[in-house]
Amino acid sequence: MYRTILVPLDGSAFGERALPMATGLARAMNAQLILMCAASSSAFLGTDATEAQVQAVAEAQAYLLALATGLSGQGLNIDVAVPYGPAAESILLEVDLRHVDLLVMCTHGRSGLGRWIYGSVAEEVLARSPVPVLLVRYSGEVATLGPEPERASLLVTLDGSAFAETALPHAVTLARTFGGSILLLRTVEESMPARRYPSMAIMQEASEEERRAAKSYLDGVAERLRQEGVAVHTMVLKGWAADVIAYRGAALGPRLIVMATHGRTGVARWLLGSVAQEVIRRSPLPVLLVRPAETADPVSS
């Protein structure tokens, strides 16, 4: 599924935290790994702008080649790319030109805490990327996936929609590659205030019925995946989706959260709404965001 993996870097140690995850995936899937750094420069009035641009490109290329040399002993097929221009646009163009299948990037860059996520670069990349984006945390344990079945479990969040299920093929591929299992999680919101129901008993029954429906749905999805030879578990938890996924879900032991960027409540809900934004911000785990083809925006020049 992932034949070409692109890792956008910015020259910082934080950005390089994406490399262990990216190299592990590239090695396991025999994929080409492309290290990319968008060059930019600013020339003072009266100075040669072209010379500044050439120097910026040379510095970025030297940085990437040094990284590639350091990784050369791992049996990886590595290439480097140094486009000149705005970071977000450069990343999206490289995705298109190189036929990239996966982006792996860190949630922190040189411009300040959370730049990749909350700044304009990540906002544009995440909103427009036609391929999945795997976001690695800037702090905590260095994220990796390896052939460790007990540590390679994947947490897949579903909401009952076909859009959310577009994340499943990616989870299946990763589970097969690393010999891991999949945990399907669906959240059920807390019951509405008692005043909305004639009695407490009716409110509790409505809540239980919603839980049973969620469990039945997950069991159906799990059975389909088991027929594909994948180990699958299911769980229904009550609470606000972002809290459940980021905290309680992460505490169950998965190595990666996999979720679609579109849910039943509107275009890009998972990505631009409160759920995905809070999961990315709060979860200690890396998050793989998958955009259904129907909602992905084309790369424009």
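The values are calculated or read from the model by the stated rules, or taken from the named source; none is laboratory data. Being a predicted model, the structure only gives us computed values, none of them experimental. Because the Cβ atoms are built from the backbone with ideal geometry, glycine has one as well, and the counts that use them run over all protein chains shown. In case anyone asks, the SASA skips ligands and DNA or RNA and just uses the protein heavy atoms, side chains included. Shrake-Rupley method; radii C 1.70, N 1.55, O 1.52, S 1.80 Å.
So that you can scan it fast, the table gives a plain yes or no per residue for (1) modelled with pLDDT under 90; (2) more than 26 Å from ARG3 (Cα to Cα); (3) assigned to a helix (DSSP H, G or I):
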| residue | (1), (2), (3) |
| --- | --- |
| ALA143 | yes, no, no |
| GLU150 | yes, no, no |
| ASP159 | yes, yes, no |
| ALA167 | no, no, yes |
| LEU183 | no, no, no |
| ARG211 | yes, yes, yes |
| SER216 | no, yes, yes |
| LEU225 | no, no, yes |
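Can you find a residue in segment 13-32 that is open to solvent by less than 50 Å² (accessible area, probe 1.4 Å), more than 19 Å from the chain's Cα centre (by Cα) and either closer than 22 Å to TYR138 by Cα or without any contact (Cβ under 8 Å) to a residue 24 or more places away in the chain (or both)? No: zero hits. Within segment 52-74, the set of residues being under 26 Å from the mean Cα position of the chain (by Cα), open to solvent by less than 70 Å² (accessible area, probe 1.4 Å) and in contact (Cβ under 8 Å) with a residue 24 or more places away in the chain comprises ALA60, TYR63, LEU64, LEU67, ALA68, LEU71. I'd like the full set of residues that are modelled with pLDDT of 95 or more and open to solvent by 50 Å² or more (accessible area, probe 1.4 Å), limited to segment 33-50. Matches in segment 33-50: none. Please determine whether any residue of segment 98-106 is within 13 Å of LEU33 (Cα to Cα), assigned to a helix (DSSP H, G or I), among the β-branched types (Val, Ile, Thr) and touching a residue at least 60 places away in the same chain (Cβ under 8 Å). No, that holds for no residue.
For segment 99-116, residues that are at pLDDT below 95, charged (D, E, K, R) and either within 13 Å of LEU6 (Cα to Cα) or surrounded by 22 or more Cβ atoms within 10 Å (Cβ to Cβ) (or both) total 1.
Residues that are modelled with pLDDT under 85 and assigned to a helix (DSSP H, G or I) do not occur anywhere in segment 75-89. Residue-level analysis places GLU123 among those that are modelled with pLDDT under 90, acidic (Asp, Glu) and within 14 Å of the chain's Cα centre (by Cα).
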